[in-house]
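J.: I have a structure I would like to understand better, so I am pasting it below and will then ask my questions one at a time.
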Amino acid sequence: MKITEFLKHNYRHFNAAALIDAAEGYKTHLDEGGKMMVTLAGAMSTAELGISLAEMIREDKVHIITCTGANLEEDVFNLVAHDYYERIPHYRDLSPAEEQDLLNRHMNRVTDTCIPEMEAMRRIEDVILEEWMAADQKGEAFFPHEFFYKILLSGKLEKSYQIDPKDSWLLEAAKKNLPIIVPGWEDSTLGNMFAGHCIAGDVKNVHTVKSGIQYMMYLADWYTENATEESTIGFFQIGGGIAGDFPICVVPMLHQDLQRDNVPLWGYFCQISDSTTSYGSYSGAVPNEKITWGKLGVKTPKYIIESDATIVAPLVFAIVLGK
């Protein structure tokens, strides 16, 4: 039985039914000529969402991505250091002393998965520092994702690949030169490293890596060029936080701050969230609240799947891909 057939037969009510509705809505949006933004919060790259997301990118089911700095870099960490990762199923039972032991071994834990500092983080630092310094010396500036595209497309890392490269979503995005927005990149391991190299004087101009404000300007241009009444942009949000909050605001900014007319609202919205509806929590806000901020319209298809994105997102993608 195909995955889609299984899901449609068994997923009939509650959050299960919301998953089916959201996936079908995603397909309808694309079939009607729309494009889709996917936003990645949390540590979805370390959860190896790339296995399904990379295929979505290859099949042109994703047209732009917004992600945290962590998700940007951790896909590449996994690409070059997968064999050195350690999984700790009993992570809930770890004592502070056992956590200290992981630190002593330079194993940085993300829930049940430990990222090896030397084999992953420092290996990428050495390669990307060359690009930072070269751009700095030429007086050039690029976005964080563009620096990653440079090192991935250069082939410098190929000898270090430890997974099938088709499962790296960032590599697939690089091949298509997919637009990526990375708000708050400074809050990432490589963002910290870049700050350190600026302090040390290895990089003279801190603006060698472009900022979040420039990302919003870039997104505003992209949205203006791509969103029409006939081809609206959908918003598929995985998790909460800045990865979702930052890009969805481009529409009210264009309307309210730039006073532009004829800018379509987001044409589809779905959020996968384990944040329950609560007071003052944006991640836990129901989609209708976004109407009051000028992000979504009364008739915009809206879905919320209250579940674990590591379980739900690959299933939604499977339906969209027709598996």
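The values are calculated or read from the model by the stated rules, or taken from the named source; none is laboratory data. Remember, it's a predicted structure, so these values are computed and weren't measured experimentally. Note that we place each Cβ from the backbone using ideal geometry, even for glycine, and neighbour counts take in every protein chain shown. For the accessible areas, the whole protein counts, side chains as well, though only heavy atoms, and no ligand, DNA or RNA atoms are used. Shrake-Rupley method; radii C 1.70, N 1.55, O 1.52, S 1.80 Å.
J.: Quick check on the chain: what are the equivalent-ellipsoid semi-axes from the Cα gyration tensor, as sqrt(5λ), descending, whole Å?
T.: Largest first, the chain gives 32, 26, 19 Å.
J.: Would you work out the charge dipole size for the chain about its Cα centre, treating the Cβ of every Lys and Arg as +1 and the Cβ of every Asp and Glu as -1, and quote it to the nearest 20 debye?
T.: Working: 28 positive and 46 negative charges, 133 e Å.
Here the size comes out at about 640 debye.
J.: Within 10 Å of each candidate Cβ there may be at most 14 other Cβ atoms; applying that plus a DSSP loop requirement, which GluC sites (Glu not before Pro) in the stretch 90-195 survive?
T.: In loop regions of the stretch 90-195 (DSSP not H, G, I, E or B), the sparsely surrounded GluC sites (Glu not before Pro) are Glu140.
J.: How much of the accessible area of the stretch 100-227, probe 1.4 Å, is carbon plus sulfur, in whole percent?
T.: Using a 1.4 Å probe with all protein chains present, the stretch 100-227 comes out at 50 percent carbon and sulfur.
J.: Of all accessible surface on the stretch 237-323 at a 1.4 Å probe, what whole percent is carbon and sulfur?
T.: So the carbon and sulfur contribution to the accessible surface is 55 percent.
J.: Could you check how much of the accessible area of the stretch 1-61 is carbon and sulfur, as a whole percent, using a 1.4 Å probe?
T.: 50 percent
J.: Please state the relative contact order of the stretch 172-248 as a whole percent: Cα pairs under 8 Å, 6+ residues apart?
T.: It comes to 34 percent, rounded to a whole number.
J.: Before I look further, what does the chain give for accessible area per residue, probe 1.4 Å, in whole square angstrom?
T.: With all protein chains present, the chain gives 47 Å² per residue.
J.: Sorted by packing (mean other beta-carbon atoms within 10 Å per residue), highest first, where do 296-305, 176-185 land?
T.: Result, highest mean first: 176-185, 296-305.
J.: Looking only at the chain, where both bridge partners belong to it, what percent of the DSSP beta bridges are antiparallel (to the nearest 5)?
T.: 20 percent
J.: Please sort through the DSSP H helices of the chain and keep those with an alpha-carbon extent of at least 15 Å along the long axis and a Kyte-Doolittle average not below 0.5.
T.: 189-200, 309-320
J.: Calculate the tail of P(r) for the stretch 1-159: the fraction of all Cα-Cα distances greater than 27 Å, expressed in %.
T.: Distances greater than 27 Å cover 43 percent of the Cα pairs.
J.: Oh, and also: Farthest toward the dipole's positive end in the chain, which of Ala173, Ala220, His207, given Cβ charges of +1 (Lys, Arg) and -1 (Asp, Glu) about the Cα centre?
T.: My answer, from the dipole projection, is Ala220.
J.: Based on the alpha carbons, how large is the Rg to Rh ratio for the stretch 55-96 when Rh follows Kirkwood?
T.: 1.15
J.: Cα to Cα, under 16 Å, and not fewer than 8 places away if on the same chain: which lysines meet these conditions relative to Lys290?
T.: Cα-Cα hits under 16 Å: Lys299, Lys302.
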